[in-house]
Amino acid sequence: MFRISKDFAFSASHRLDHLPSDHQCARLHGHNYTVRLELAAPPDELTPAGFVRDYGELSDFKKWLDSELDHRHLNDVVPGRNPSAENLAMWIYEIWSERLPELSAVKLSETAKTWAEYRP
C-alpha cells in the first residue's frame, strides 16, 4: 500500500461543552490548526503517472477549508458536534471521503505537540 499526505492550515475559535466550567477548553479560545489528509492506494491502483493522487488535485480541499473553517467559530460551523479535535477530524473525513475515495485518514493538530486522528 502506498500512502501520501499533505498538510493544510487554518485558524479558528471554539469552546468545548461537557467540561467543568474552570477547564481552559470550556472557555472561548482559538488555535492555529493543521489538518493532514492521508490518501492510500495499492500499487495496482496508482494513476498512470504513478501517483496515489496528484497533490494538485487537493486544491479544492484547501479552498473549502479557507471558505468554511478559516477564521470561523467552529461551534457555529460543525453541526451537532462538540468541536473537539477528534470530532473535527471525523467530520472532515465524512465530508471528503466521497470526493477523495483514496482518503484513508484525517489528522488534526491544535498545537505543535498534539494530534487527533480519525481512521475508519
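Throughout, read-outs are computed from the coordinates displayed, never taken from laboratory work. Please read these numbers as outputs of a predicted model, since none were measured by experiment. Neighbour counts run over all protein chains shown; Cβ positions are idealised from the backbone, glycine included.
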(message) Can you sort 2, 8 from fewest to most other Cβ atoms within 10 Å of each residue's own Cβ?
(response) 2, 8
(message) Angle check, please: helix 59-68 long axis (alpha carbons) against the longest principal axis of the chain (alpha carbons), in degrees 0 to 90, nearest 10.
(response) 10
(message) Compute the helix-to-body angle for 85-96: its Cα long axis versus the longest principal axis of the chain, expressed 0 to 90° and rounded to tens.
(response) 40
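Counting only DSSP beta bridges with both residues in the chain, what percent are antiparallel, rounded to the nearest 5?
Details: 23 of 25 bridges.
Looking only at bridges with both residues in the chain, the antiparallel portion is about 90 percent.
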(request) Just add up the charged neighbours of residue 12: K/R +1, D/E -1, any other residue whose Cβ is under 13 Å from the Cβ of residue 12. (result) -3
(message) Could you tell me the center-to-center distance, by alpha carbons, between region 1-18 and region 41-75 in angstrom?
(response) 13
(request) Putting +1 on Lys and Arg Cβ atoms and -1 on Asp and Glu Cβ atoms, find which of 16, 40, 90 reaches farthest to the positive end of the dipole of the chain. (result) 16
(message) Would you work out the Kirkwood radius for region 2-118? I mean one over the mean of 1/r across all pairs of different Cα atoms, in Å.
(response) 15.1
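Which length gain, in nm to one decimal place, applies between residue 3 and residue 34 when the Cα-Cα distance is subtracted from 0.36 nm times their residue separation?
9.3 nm
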(message) What is the sum of charges, Lys and Arg at +1 and Asp and Glu at -1, for the other residues whose Cβ falls under 14 Å from the Cβ of residue 93?
(response) -1
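Please state the charge dipole magnitude for region 2-118, taken about the Cα centre, from unit charges on C-beta atoms (+1 on K and R, -1 on D and E), reported in debye and rounded to the nearest 20. Intermediate values should be presented prior to the final figure.
Values: 13 positive and 19 negative charges, 70 e Å.
Around 340 debye, computed over region 2-118.
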